[in-house]
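Comments concern the structure below.
The values are calculated or read from the model by the stated rules, or taken from the named source; none is laboratory data. Since the structure is predicted, the reported quantities are computational estimates derived from the model, not experimental observations. Every residue, glycine as well, gets a Cβ built from its backbone with ideal geometry; the counts of neighbours run over all protein chains shown. Areas reflect the complete protein model, heavy atoms only, side chains present, ligands, DNA and RNA absent. Shrake-Rupley method; radii C 1.70, N 1.55, O 1.52, S 1.80 Å.
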Amino acid sequence: MRNTISILGVQIDAVTREEAGKITENLIKQSNKSCKMIFAPNVEFIMYAQKDKEFFDILKQSSLSTPDSIGVIIGAKLQGKTFPERIPGQSYFRKVIELSNEKGYSIYLLGGEPGIAEKTKENLEKIFPNVNIIGYHHGYFNENEEKEVISEINKLKPNVLFVALGAPKQEKWIYKHRNELKVDVATGQGGTYDYEAGKIKRAPVWIQKIGMEWFWRLCREPKRIKRQLVLPIYLIKVLFKKDKTKGKFDI
Ligand code: UDP
């Protein structure tokens, strides 16, 4: 049975990175190409889901949802609950890459600007010589190209399909095509390839550790401010809805 924490109705699994890896492996073993969906909700997801019922319902149907951001960790704390750790998108991605390197699981990288998924594959192969990335395609395709991309994926039948089209586009894309995609697991990856390909630099580890990566990213990409303005509204909403009998905020 899944151990999840609900934040404004979005269920997120209270798991460590290691456990998320194990669950992914189990899904790969049991899926039989039935496209199990794995998402990584952050505050923007949760807030967007409040106004977009379709997105809200899609998130509900995941087989695993990992706690992606510090806002999710704080949201749980405000309700007296604790996630064992935060699992940033790239950290989950690397876990699956490690598993592929060790056990041969096949991977397809969809999304990002032209050249980015290819560069991601190249860079990963330098670090993980046995990683099994069997295909890639950029994320700027029209309807006709989309058919070709899906048919290529279905020919290759990867264990894991990473989809990096930005949220909520990637989750909606996976959901829309889940019945035609012959993959074991499909998961939304946001801007992970941009980091892996070296297009964007991640925050230094100490900034990641104190949960300020969002601020670092904001300084480098000020246009993200609009997306981050939802944070105070989110905190108020969570506080307002919390079950006041359980625990207190102690982060
Ligand atoms: N992207 C894409 N196709 C699109 C829109 C976006 O491939 O139609 C890619 C974009 O190049 C970027 C990623 O999706 O690599 C979105 O990154 P963002 O930083 O917005 O995602 P986040 O991690 O914030 O969810």
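Specify which residue in the list G75, L156, I174 is farthest towards the positive end of the charge dipole of the range 58-174, using unit charges on the beta carbon of Lys, Arg (+1) and Asp, Glu (-1), about the Cα centre.
The one lying farthest along the dipole's positive direction is G75.
How many times 2.2 N^0.38 Å is the alpha carbon radius of gyration of the range 77-187? Please report the intermediate quantities before stating the final value.
Working: Rg = 15.1 Å, N = 111, 2.2 N^0.38 = 13.2 Å.
Dividing the Cα radius of gyration by 2.2 N^0.38 Å gives 1.14.
Return the subset of K103/K201; K22/K157; K182/K209; K201/K226; K53/K201 for which the Cα-Cα distance in this structure is over 32 Å, preserving the input order. Mind showing how you got there, number by number?
On the way: K103/K201 29 Å; K22/K157 21 Å; K182/K209 37 Å; K201/K226 21 Å; K53/K201 34 Å.
Going by Cα-Cα distance, K182/K209; K53/K201 fall outside the 32 Å limit.
Dipole of the range 120-242, Cα-centred, from +1 at each Lys and Arg C-beta and -1 at each Asp and Glu C-beta, to the nearest 20 debye?
Working: 23 positive and 14 negative charges, 165 e Å.
Dipole about the Cα centre, nearest 20: 800 debye.
Which whole number of Å³ per residue matches the convex hull of the alpha-carbon atoms in the range 141-184?
Numbers: hull volume 3.1 nm³, N = 44.
Dividing the Cα hull volume of the range 141-184 by its residues yields 70 Å³.
Give me the log10 of I(q) over I(0) for the range 108-251 at q = 0.16 Å⁻¹, as the Debye formula computes it from C-alpha points; what are the numbers?
Values returned for q = 0.16 Å⁻¹ are -0.98.
Counting only protein heavy atoms and a 1.4 Å probe, tell me what percentage of the chain's accessible area is made up of carbon and sulfur.
Working: 6820 of 12630 Å².
That share works out to 54 percent.
Rg over Rh of the range 1-139, using C-alpha atoms and the Kirkwood radius, what does it come to? Let's see the in-between values first.
Working: Rg = 15.9 Å, Rh = 16.1 Å.
Checking Rg against Rh, the ratio lands at 0.99.
Please build a GNM for the chain, connecting alpha carbons under 10 Å apart, and tell me which residue among F141, F39, F55 fluctuates the most.
Highest fluctuation among the options: F141.
Report, for the chain, the % of DSSP beta bridges that are antiparallel, rounded to 5. Spell out each step's value before the answer.
Values: 4 of 23 bridges.
Counting DSSP beta bridges with both partners in the chain, the antiparallel share is about 15 percent.
Let me know the Kirkwood hydrodynamic radius for the chain, please, with Cα pairs as the basis and the value in Å to one decimal. Display every interim value, and only then the final one.
Working: mean 1/r = 0.0539 Å⁻¹.
So the Kirkwood estimate lands at 18.6 Å.
Could you identify which residue out of S62, S100, S151 has the top mean-square fluctuation in a GNM of the chain using Cα springs shorter than 10 Å?
Judging by the Gaussian network model, the answer is S151.
Which helices pass in the chain if a helix is a full DSSP H run, must span at least 15 angstrom along its long axis by Cα, and must have mean Kyte-Doolittle hydropathy not below -0.5?
Details: long enough: 17-31 (20 Å, -1.14); 89-103 (21 Å, -0.95); 116-127 (17 Å, -0.98); 143-156 (20 Å, -1.15); 230-241 (16 Å, 1.74).
Span-like helices here: 230-241.
Pull up all non-local amide H partners of Y136: gap of 5 or more, or a different chain, and H-to-H distance under 5 Å with H placed in the peptide plane.
Correct list: L109.
Most fluctuating residue of L231, L99, L165 in a GNM of the chain with Cα springs under 10 Å: which is it?
L231
Find, among the trypsin sites (Lys or Arg not before Pro) in the range 94-163, those assigned to loop by DSSP (not H, G, I, E, B) with at most 14 other beta-carbon atoms within 10 angstrom.
Values: sites: R94, K95, K103, K119, K121, K126, K147, K155; in loops: none.
Answer by residue number: there is no such site.
Tell me, what is the per residue accessible area of the range 116-251 in Å², probe radius 1.4 Å? Don't skip to the answer; put the middle values down first.
Working: 8140 Å² over 136 residues.
Here the per-residue accessible area is 60 Å².
Counting Lys and Arg as +1 and Asp and Glu as -1, each charge on the Cβ, what is the dipole of the chain about the Cα centre in debye, to the nearest 20? Spell out each step's value before the answer.
Working: 42 positive and 30 negative charges, 187 e Å.
Its charge dipole is roughly 900 debye.
Give a residue-ordered list of calculated ³J(HN,Hα) values for the range 179-192 (Karplus: 6.51 cos²θ - 1.76 cosθ + 1.60, θ = phi - 60°; whole Hz; x for Gly, Pro).
7, 9, 6, 8, 9, 6, 9, 10, 9, x, 10, x, x, 4
Rounded to the nearest 500 deg cm²/dmol, what is the calculated helix-only ellipticity per residue at 222 nm for the chain, with -39500 (n - 2.57) per DSSP H run of length n ≥ 4? Working shown, then result.
Working: 13 runs with 124 residues, N = 251.
Dividing the helical sum by the residues of the chain leaves -14500 deg cm²/dmol.
Leaving out ligands, DNA and RNA but keeping every protein chain, what accessible area does E122 have, in Å² rounded to the nearest 10, with a 1.4 Å probe?
Counting only protein heavy atoms, E122 exposes about 80 Å² to solvent.
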